Each structure stands twice: as structure tokens, then as C-alpha cells.
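Trainee: Dropping the structure in here first, questions after.
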Amino acid sequence: MIEVSKIRADFPLFAQPENRDLVYLDSAATTHRPRQVLEAIDEFYRRDNANPHRGAYRLAERATTAYESARSRVAAFIGAGRSEEVVFTRNATEAVNLVAWGWAERHVREGDEIIVTELEHHSNLVPWQMVAQRRGAKLRFLEFDQAGNLDPVQLEGLLSERSRLLAITQVSNALGTINPLRPFIDKAHAAGALVLVDGAQSVPHTAVDVRALDADFLVFSGHKMLGPLGIGVLYAKIEHLEAMEPFLFGGDMISSVGYHSSEWNDVPWKFEAGTQNVAGAVGLAAAMDYLDGIGMEAVAEHDRRLTRLAVEKLAPIDQLHLYGPMPERGPVVSFNLATIHPHDLATFLDQKGIAIRSGHHCAQVVMRKLGLAATARASFYLYNDEQDVERLVTGLLQAKDYFKKWL
Amino acid sequence: MALDELYQEVLLDHYKQPRNKGVLAEPDIRLELKNPFCGDEILLTLKMAEGRVAEAAFEGHGCVISQASASVMTEKIKGLRVEEVAAIADQFTHLVREGKYERPEGEEFDEIEAFAGVCEFPTRVKCAMLAWRTLLQGLKEHGGREHLHDHHAHGAEGETPNRG
């Protein structure tokens, strides 16, 4: 069991006078950082800062060690066989784009097909639209059912010898759907397609093992898992990285440069052009230490319990419509209250100190399919507790009362 | 409380009974804009006559602020010349961004003043501006360019981009 009061004491943001009253229910957008992460970043800059892979002095060696240790830490966190399979990016979006440019640009040909699920965040859809346009390939969509679930049997109907890639999220940021990935991945592999998993909403909340999943690519962002902004990860099986071309060129990604041509560095460094966000990588490693210190099983159980409680408390509210699978789902609860627009609802709740997300959650295909313009969304993490859920419920009832003459 | 400053009675009235809701047949100007922040949409249709807005109608869905703003706007601009519309849009922009409004001498309360509370809610400025941005862009495309300032139609200034 997670002791939330102890956890919250680790997060300086909650102790600031401006945030004393804050009920933060938008961790699916970004999380806060514990002091352990902030201190690791601070310590790197204070003690070990230099440009890694470059200087021949001890300080630069320490910076290199800090950066490469962070890579190993990430590899261990996601169960990668070797740290060379971890490429640092700015965020999950950049990681998807790296696969789109580095892999798809070479391996997707005219008439090929890319399968994307309807649940995808724009970051795992738009890059594939662009690949399809550039390469003359076709996008096919794996549909979700009324509850928001995908069906592996339907995937079989979409797969053919033309399928090159399945792009699938592990947890939907809009509906909370948890996709049991293995059957989808196995079917895609059987048809000869590779699989890119969007782990932005899963890696922060549950133990993910890339080898157990047999995922070809996994992307996620540091800032959604207590790490700093501006650091993300692409995991790829080593053979795929070897078969990929870089899409950013410049310093540190080369092994030899002539006047007219150059040779690339080894993987993963050939994908990391220019001076990298070393402090970001160090901060992400510290976030992983922090999460492992609590235990990902405990984090997952805490999120599950709170999400179940939220669904339980919200469902009976008159005229409240919940979207997504019930009751098991990721720590994301999407809903609408009567005809109150989610924006008006979010503004009202903000006045009560409650921060929720409102809008389309960068998943307009999901909204279109459900016939919605927008939803309100509450999402949870290890620093949220039952009181936060209670405050949300009270806030919603007050909002309904406040807007009743508007309905 | 600040919330009551935002959700004023005037807005309630326009939200519940929107004026000029619908789509004009054979419009001179027809433009649809989306608020990328929330997915709200507005379709604006205008009929022009002798450089004036003869008729205006809007269709769409969205929050209280965006819908009431569209309703008030369509009433307000009817019969006005393009440059007068631009001047009011200017006033409205200042009002929702900075809360500033100079009521012309001798004039009574203007319904657009009811949007003064928006400036306390920076994330909602876009909602209030959606209909006006659509209007200005529509007029610009129609050829009223010389009367209009570019920055209105794009709404960059003072509104943080919030796309998803």
C-alpha cells in the first residue's frame, strides 16, 4: 500500500503556498517531480556537468558516465536486453517520428499498409499519415468497440502480406483502455509486420517488459513518469536500430566526416545528434529509481484502486456520462456532466482548486467516433488519494448546481 | 466571486437563446473555424450589401463563452460597415485580453461588456475570440483586407497556442 501523505511530502510543488489547495488530476498530461529527481538534476549540473563523449578530462568522463548510466537504467526499467537498444529523444512524439523517418522511410513502399488503432494519440497517428503520404502507403484502422476496446480478431482481418507496421497504444490517454498487447503483437508478427507500442500512458503506471511483450519499438516520455520535461525514449530491438537511418545529422552522431560524405556512429549514438539533454536523462533515471523504490506493482495497484473508486463515485451522479471500458482501465476517467461543456466545467472546478483536463486530449479520432467534441478527464497518479476523488465528486455536484439554470 | 464575473446573465441569455443561430442560404461569406484547444467549431455565414453586413448567422457547438460570444457578435455587427466591424473586433479583443473597454460617451451598457470577466481566465480568451476570429478572417478573405489587421485573424498575441 502506498502511503500518499509520505509520497506527497517528496513533491515540493504541493507544499508551495500557491498550490496548498491543489487537487491535481491531470497526470496523464504531465506529472510533478519528487525532490529526488530535482536533486539529481541539480547535482549533475553542480558536480558533473560537461559535454559527454567529447572531453578527455575527468569531468567529461563523469558526464559521459552519468549519461550512459542513465541509458542502462532505462534499459533495466523496461526489460531491454542491452542498453544500446535505448535511444534518448525529447519525448514520445519525437521517438515516433524517429521511427517514421529512420525506419518507415526505408522500409515502407508504395502499396504497403500501416495499421493504426482508432485509440491513438495524435502523436502515434499523424506521423503515420505523413509516412503514408510520402511513401504512397495506405493507413488502415483497427476500430474500437462501444466500450472502447480493441479486438485482436479484427486485427487479423486487417493484416496481410502488405502490412508493414502496427502502431498501437498500451493504454489510451482519452478512454483509459488497457490493450492486452501480446495477442495483437503476435498476430502482427505472424503476418510479417513490426509493432510500435505507445507506452506514454503505460510505462509510468505499470511494469512494462519489452522482451516479454516482444515489442519492436516502444516509445514514452519522461515527464509523464516523474521525470523532467524534454527527455523521452525510443526503445527498439537492436536489429531494427541497425537497419535504421538517422534523421538528425550533425555532431556526435558521426564516426568519420569527410568533405562530401560521412560515416555514422554506432547505434544508439547515431540517432543522437548534437549535445544531448544529459541532465534530463539523469533526471529520468532518478525518476525510475524513485518509482522502483516504491515498486511498480504498488504504483499500479494504487492507481487501479483510485480509478475504481473514481468510477464508482462518478457513475451514480445523475446525468454524468462516463466513457471507456468499465471498470478495469488505466488511471484515466473521461466523462461529461449533463450538457455542461467540459471547458466550463474545468473553469468551475479550477475555482475550487481542482485541475482536470478538458478537450479532445489530442485524440480527435476517438472523439469523432464517440460523436463528441470534447470530454472532461481526470487522471491519477501515486500522489493522489481518496480525498482527491471526494473533492472531485463534491466539485462536480457544485458545478451541476451552479450551471443548472444554464442547462 | 470571479466565476460570476465570467458567467454573467447576459451570457446566460445568449447561451440559452442564441440569436441568429443557423446557416444563411447563398451567403457571400462562409467560413468554418475550429478552436484547436477544445475542438469547438463555428460556421459563420454572412450576407453583404454595399460594404455592410446585411445578415449574419452562426452554427456550431461549444462552451458557454464561445456560444454566447457568437450570438452577441452576430447581433452586434448587423448593418455595420466592414471598418466598423473591425473597430468593434478591436474593442472586443482588448476587452477579453485586458479587461479594458471605453464606453463611448452617452452610450448605454453594451452587451459586449459582459465579456469583461474573460480576461481573468486566460485559458478562455480563445473561446471568446473564436467567433470574432472567424468573422475577421471571413471578411479578409472576402476582400476587406485594407480595413483589417492581420493579428486579429490569427489570434496569436496574448493567446498561448494550445493545440493537441
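Every read-out reported here was derived from the displayed coordinates using simple, explicitly stated rules and does not represent laboratory data. On a predicted model such as this, the values are computed, not experimentally measured, just so you know. Don't worry about glycine lacking a Cβ; one is built from the backbone with ideal geometry, like all the others, and counts go over all protein chains shown.
Trainee: For A:Glu239 and B:His142, what is the calculated FRET efficiency with R₀ set at 56 Å and r taken between the beta-carbons, to the nearest 0.05?
Mentor: That pair, A:Glu239 with B:His142, gives E of 0.45.
Trainee: Could you give the semi-axes, largest first, of the ellipsoid that matches the stretch A:213-281, computed as the square roots of 5 times the alpha carbon gyration tensor eigenvalues and rounded to whole Å?
Mentor: Working from the Cα gyration tensor, I get semi-axes of 25, 17, 7 Å.
Trainee: Report the extension gain between A:Glu3 and A:Leu397 in nm, rounded to one decimal, defined as 0.36 nm multiplied by the number of residues separating them, less their alpha carbon distance.
Mentor: Result for the pair: 139.0 nm of gain on full extension.
Trainee: Continuing with this model, one more query. May I ask for the distance between the Cα centers of the stretch A:142-197 and the stretch A:266-296, given as a whole number of Å?
Mentor: First find each Cα centre; the distance between them is then 28 Å.
Trainee: Something else now. Checking the table A:Lys224/B:Lys34; A:Lys237/A:Lys270; A:Lys404/B:Lys16; B:Lys21/B:Lys47 against a 19 Å threshold on Cα-Cα, which pairs fail?
Mentor: Table pairs above 19 Å Cα-Cα are A:Lys224/B:Lys34.
Trainee: To continue, here is another question. What is the mean number of Cβ atoms from other protein chains located within 10 Å of the Cβ atom of each residue in peptide B:80-90, rounded to a whole number?
Mentor: Mean partner shielding for this stretch: 0.
Trainee: Okay, next question. Mind checking which of A:Met367, A:Gly274, B:Leu11 is farthest towards the positive end of the protein assembly as shown's charge dipole, using Cβ charges of +1 (Lys, Arg) and -1 (Asp, Glu) about the Cα centre?
Mentor: A:Gly274
Trainee: Moving on. Taking 0.36 nm per intervening residue step and subtracting the Cα-Cα distance, what contour gain separates A:Arg35 from A:Ser72 on full extension?
Mentor: Length difference between fully extended and current span is 11.1 nm.
Trainee: Give the residue from A:Ser255, A:Ala193, A:Leu119 lying farthest towards the positive end of the charge dipole for the stretch A:38-292; charges sit on Cβ (+1 for Lys and Arg, -1 for Asp and Glu) and the dipole is referred to the Cα centre.
Mentor: So the residue we want is A:Ser255.
Trainee: Let me ask something else. Give me the three principal axis extents of the stretch A:268-364 from the C-alpha atoms, as integers in angstrom, largest value leading.
Mentor: 54, 30, 26
Trainee: Let me know the shape class of chain A, please: from the alpha-carbon gyration tensor, a ≥ b ≥ c as square roots of the eigenvalues, rounded when a/c is under 1.5, otherwise prolate if a/b is greater than b/c, or oblate.
Mentor: Oblate.
Trainee: Relative to the longest principal Cα axis of chain A, at what angle does helix A:58-78 sit, 0 to 90 degrees, rounded to 10?
Mentor: The helix A:58-78 is inclined about 60 degrees to chain A.
Trainee: Follow-up. State the Cα centre-to-centre distance between the stretch B:1-48 and the stretch B:52-89 in whole Å.
Mentor: For the stretch B:1-48 versus the stretch B:52-89, the Cα centre distance is 8 Å.
Trainee: Also, quick follow-up: Compute the helix-to-body angle for A:278-294: its Cα long axis versus the longest principal axis of chain A, expressed 0 to 90° and rounded to tens.
Mentor: 50
Trainee: For peptide A:344-351, compute the average count of partner chain beta-carbon atoms within 10 Å of each residue's beta-carbon.
Mentor: The mean count of partner-chain Cβ atoms within 10 Å per residue comes to 5.
Trainee: Okay, next question. Taking each residue in B:55-65, count the Cβ atoms of any other chain within 10 Å of its Cβ, then average. What number comes out?
Mentor: 3
Trainee: To the nearest 20 debye, what charge dipole does the stretch B:2-145 have about its Cα centre, counting +1 at the Cβ of each Lys and Arg and -1 at the Cβ of each Asp and Glu?
Mentor: Rounded to the nearest 20 debye, it is 560 debye.
Trainee: Compute the helix-to-body angle for A:296-314: its Cα long axis versus the longest principal axis of chain A, expressed 0 to 90° and rounded to tens.
Mentor: The two axes meet at around 30 degrees.
Trainee: Using only alpha carbons, build the gyration tensor for the stretch B:2-145 and give me the equivalent ellipsoid semi-axes, biggest first, whole Å.
Mentor: Whole-Å semi-axes of the equivalent ellipsoid: 23, 18, 14.
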